[in-house]
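Report on one structure; see the data block that follows.
The values are calculated or read from the model by the stated rules, or taken from the named source; none is laboratory data. Not measured: the values here are computed from a predicted model. Note that each Cβ is placed from the backbone with ideal geometry, even for glycine, and that neighbours are counted across all protein chains shown.
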Amino acid sequence: MDILNKTAEEVASIARSGEVSVKEIAEQMINAIKQKDSKIKAFIHIDFDAVIKRAEELDTKKDKSGVLFGVPIAIKDNMNMKNTETTAGSKILSGYTSPYDATVVEKLKNAGALIVGKTNMDEFAMGSSTENSAFFNTHNPVNPEYVPGGSSGGSAAAVKANEVIASLGSDTGGSIREPAAFCGVTGLKPTYGRVSRYGLIAFASSLDQIGPFGKTVKDTAIMLNAIAGFDPRDETSVQTEKEDFTALIGKNIKGKKIGVIKEVQDFKLQEEVKNSFNDTVKALQNAGAVVEEVSIPHLKYALPVYYIIAPAEASANLARFDGVRYGLRVEGKDLKETYEKTRTEGFGTEVKRRILIGTFTLSAGYYDAYYLKASKVRRLISNDFEKAFSKVDALVLPTTSTTAFKLGSITNPLQMYMNDIFTIPISLAGLPAISIPTGTDKKGLPIGMQLVGKWFAEKELLQIAYTVEQELGGKNGI
Amino acid sequence: MEYKPTIGLEIHVQLATKTKIFCGCSTEFGAEPNTNVCPVCLGLPGALPVLNEKVVEYGTKLGLALNMRINKTSTFYRKNYFYPDLPKGYQITQYSIPIASEGFLEVKTSKGKKKIRILRGHIEEDSGKSIHTGDITESEYSYIDFNRSGVPLMEIVTYPDIETAEEAYEFLVLLRKTVRYLGVSSGDMEKGALRCDVNISVSKGETLGTKVEIKNLNSFRSVRRALEFEINRQIETLKKGGKIVQETRHLDERTGETKPMRTKEELNDYRYFPEPDLPPLTLTDEYIEKIKETIPELPNEKEERFIKEYGISEDYAHEIAASIEVAEYFEEAAKLTGKPKEVSNYLMVNIMKFINENGKSIKEITFGAKEFKELLDLIDSKTISKNIAKSVLEESLSSGKTPSQIVEEKGLKQITDTGEIEKVIDEVIKENPKPVSQYLEGKKQVMGFLIGQIMKKTRGKANPKIASKILIEKLNALK
């Protein structure tokens, strides 16, 4: 049986029944990867022998009840996995083998998942095209001349190319949603605090959140079931009652109120994206939802606020990469020169740019004008959303204003930052959001729409997203 | 006009929790290097801090004991700087709102009592320890031990209220007593559980002089010496028309002089910002109340009560209250015997001498309140003399036997049987005709000699009062 086209839900049930062994599933996936990945280049590290060994172990297991039993899953390379190279796409961690498992890795293992390998990403998750990987570019499976988006480009591409059934990415300002939109898969960024960050190499700690990519809305819900939950090792993870995120899937959304953000109309959208947005609104209305306009007055400040807060946190988070204890070390004549040489050679241009920005905005005399002010505006943005959500159950807006662009076509960093204009405000507020494929442009490139839910209301968000997915034509993109 | 020193202290108190501030690693001192470590305290990629509740408890306790306000919401910040023993490249500490603010300690000095105000107390993590293979500037390579990385500290910052080396010294001594009373720190300066930096300037009049910092003072004596030297150095420099340079100095333990640190002076910008990995620390009134209830009577209070309640001398009260164990020992014995003055005497003279000479703690000795009562009862009942009591006490301390056991075994029971004493006195009178006749001639001083002879014959067991009474009677009868 060919399992490559199946959903996580289907693969788990096949593996559980014993119809196909996990080893056979693994072999099919490995063949697919061997066949396709020289072109897509979604993976940075993959150990086929280890995958087979793990599959065999799963086959001998008596308890096959895990929600992801036997499901091949890829994880972004910024998540620690014991005895596995973990580089976060950076030369400075090249060859670094992690001594411990991230909480999400533990949880995936507990759910019976078959973790296949580590996927390519923009260095330390800083980027929107995966072109900032220190190692190589990843290609969009829809058209290899185009970027897969980023920073979780490898994880999105691996799912789209049917190299794995589902994957994990991390989203700081759009790093799950944007590649999901560019590749035509479903990507969910949970509420900040929903999924433990323990073992996720930090970019911007107050924004980073791990989330799943899947072929369907339901698959992302199943993935979230496996990875969500309070973790005593992460003080920012939130204690909530255990829920089944698939519980409302398939229930009708009659009477649900969906907000359309007035200020989004101030931004120029690619024609097809605009049309697909209108289609999505119609689909929601067809399903009985009431669509109304809401206002997020501070929306336009989101990008500058983000590019103060995220680099500031990053400048501290990346200080530990100094060549003293692990990773790359380039010896200098003294300690200071060793620091300088190591970090000069170890970090790429975009990472250096953000470290510099962050160091500057936190400096004495600038802190109040930049970091402190940005933190206050962040609060205002959050308040705007809170107000909007007092009127509506969810928001709908495009994930990106355009479809994917060609590799190498954007060289201006500011222009690159603009890709995340619709995802960043949601990240600043810590809200859950999902990007689902809603159409394609003239060139056949996928278009993604973003649905945003209330804080910790992933269940309702997934219910609404599922309805749109069904209305617009089903699984695995269009 | 005289030059007046202005001194402020920054003291790092190592909190005596079993595990580190942000991970479950042991805080044990002296373990094999790099054995008490994990991804969190090594700053490995992806690891996150989780605040140890015991650190909050100890911090709150110490804050309250230093008469500070406990802030119901305090925040953690990152203090950014590069150093090899700082694994994350930043230290997690508190900044704008620490756990405790605005307190004081009242110290006793030779000039009387003085209140020294405390500005703040914040909790933070310690760094690892760099071990250089020689001089720091020439050493080819260094070792780093991360066992200390993440050990909890509370930094206490005083106002610049201190004016003499003695006040600084007494403040530190009282702080150490306090942390030991509370059980929140060992207070051992030699083990780094208490580390002191001082800021000092001298000036005439209101405008403060240029501030000099003296770092890494690791004993009480060092603090005193460094300050005495530095006050003098600054005054002498100014008197000669010189200028004080703002700098960091250290104490040369060999010469007792302070010297500028050899490290390059760089302008540090720590780029503090709120730690995004830790939510603000919030404490309820109930929590703070509960901690307050666990605070024992503190050294100064105890000292005053001992003077009032037991009528012991101020000096003894001060010394006894210096340690909670000694104070508890004293109080138990004082209560049981009803003779606090005697207890304080024996305790401070004989028992403390034994403890110091044998390197023991008061908890280790078997001579407790019960034995104290036995000893004092033996004196009361005239079974032994005060002189004999001292040797019984010493014997009991070293052998662990009870006082009555010792008296019994060694036959130290005082002779109060007048018949027996009379016999000895008769002998002494007979054997010492010369002193006897001297006495009869009016030389009363020979009494001491004759009593001595009686004691010699009875090996100290004769009751001296009875003996001298009978002796006088017998001598008078010879007239």
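Here are a few things to note about the model shown:
- Set side by side, the residues A:L168, A:L200, A:L207, A:L188 differ, and just one is closer than 28 Å to A:D2 by Cβ, touching a residue at least 60 places away in the same chain (Cβ under 8 Å) and within 14 Å of another protein chain (Cβ to nearest Cβ), which is A:L168.
Listed here are the residues, each with its yes/no results for (1) modelled with pLDDT under 90; (2) buried (at least 18 other Cβ atoms within 10 Å of the Cβ); (3) in a helix (DSSP H, G or I).
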position: B:A226; (1), (2), (3): no, yes, yes
position: B:E230; (1), (2), (3): no, yes, yes
position: B:G241; (1), (2), (3): no, no, no
position: B:R249; (1), (2), (3): no, yes, no
position: B:T255; (1), (2), (3): no, no, no
position: B:R262; (1), (2), (3): yes, no, no
position: B:Y270; (1), (2), (3): no, no, no
position: B:L278; (1), (2), (3): no, yes, no
position: B:N300; (1), (2), (3): no, yes, yes
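- Within region B:36-82, tally of residues that are in contact (Cβ under 8 Å) with a residue 12 or more places away in the chain and away from chain A (no Cβ under 11 Å): 25
- Top-ranked residue of region A:347-364 - restricted to ones that are in a loop (DSSP other than H, G, I, E, B) and within 12 Å of another protein chain (Cβ to nearest Cβ), ranked as surrounded by the most Cβ atoms within 10 Å (Cβ to Cβ): A:L362
- Looking only at residues of region A:109-140 that are within 14 Å of another protein chain (Cβ to nearest Cβ) and at positive phi, we find that the one that is surrounded by the fewest Cβ atoms within 10 Å (Cβ to Cβ) is A:A125.
- In region A:86-97, residue nearest to the other protein chains (Cβ to nearest Cβ) [restricted to those that are touching a residue at least 60 places away in the same chain (Cβ under 8 Å) and polar (S, T, N, Q)]: A:T86
- Matching residues, region B:405-422, being crowded, with 18+ Cβ neighbours inside 10 Å and at pLDDT 75 or above: B:I406, B:V407, B:I421
- Among the residues of region B:86-96, those that are more than 9 Å from chain A (Cβ to nearest Cβ), of a type outside the set (A, V, I, L, M, F, W, C) and closer than 22 Å to B:P39 by Cβ comprise B:Q91, B:T93.
- Condition check for B:I116: within 14 Å of chain A (Cβ to nearest Cβ), within 30 Å of B:E293 (Cβ to Cβ) and in a strand (DSSP E or B): no
- Residue check, B:E155 assigned by TED's automatic domain parsing to the domain that holds B:F229 and within 15 Å of B:T60 (Cα to Cα): yes
- Test: residue in region B:333-356 that is small (G, A, S) and at pLDDT below 90: no
- Leading residue by the ranking (farthest from A:Y307 (Cα to Cα)) among those in region A:365-375 that are more than 8 Å from chain B (Cβ to nearest Cβ) and either more than 26 Å from the chain's Cα centre (by Cα) or aromatic (F, W, Y) (or both): A:G365
- Total residues in region A:376-414, condition surrounded by fewer than 20 Cβ atoms within 10 Å (Cβ to Cβ), of a type in the set (G, A, S) and in a loop (DSSP other than H, G, I, E, B): 4
- So A:R177, is it among the basic types (K, R) and under 15 Å from A:Q450 (Cα atoms): yes
- Among (1) within 13 Å of chain B (Cβ to nearest Cβ); (2) at positive phi; (3) surrounded by fewer than 21 Cβ atoms within 10 Å (Cβ to Cβ), the one test that A:N83 misses: (1)
- Any hit, region B:356-368, residues being buried (at least 19 other Cβ atoms within 10 Å of the Cβ), of a type in the set (A, V, I, L, M, F, W, C) and in contact with a Pro (Cβ under 9 Å, 6 or more places away or on another chain): yes
Rundown of residues vs (1) within 14 Å of chain B (Cβ to nearest Cβ); (2) among the aromatic types (F, W, Y), yes/no style:
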| residue | (1), (2) |
| --- | --- |
| A:E57 | no, no |
| A:K61 | no, no |
| A:F69 | no, yes |
| A:A74 | no, no |
| A:A102 | yes, no |
| A:K107 | no, no |
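- Scan of region A:357-377 for residues that are without any contact (Cβ under 8 Å) to a residue 24 or more places away in the chain, over 12 Å from B:D269 (Cα atoms) and of a type in the set (G, A, S), ordered by number: A:A369
- Scanning region B:46-90 for residues that are closer than 30 Å to B:Y141 by Cβ, under 32 Å from the mean Cα position of the chain (by Cα) and surrounded by fewer than 22 Cβ atoms within 10 Å (Cβ to Cβ) yields a total of 1.
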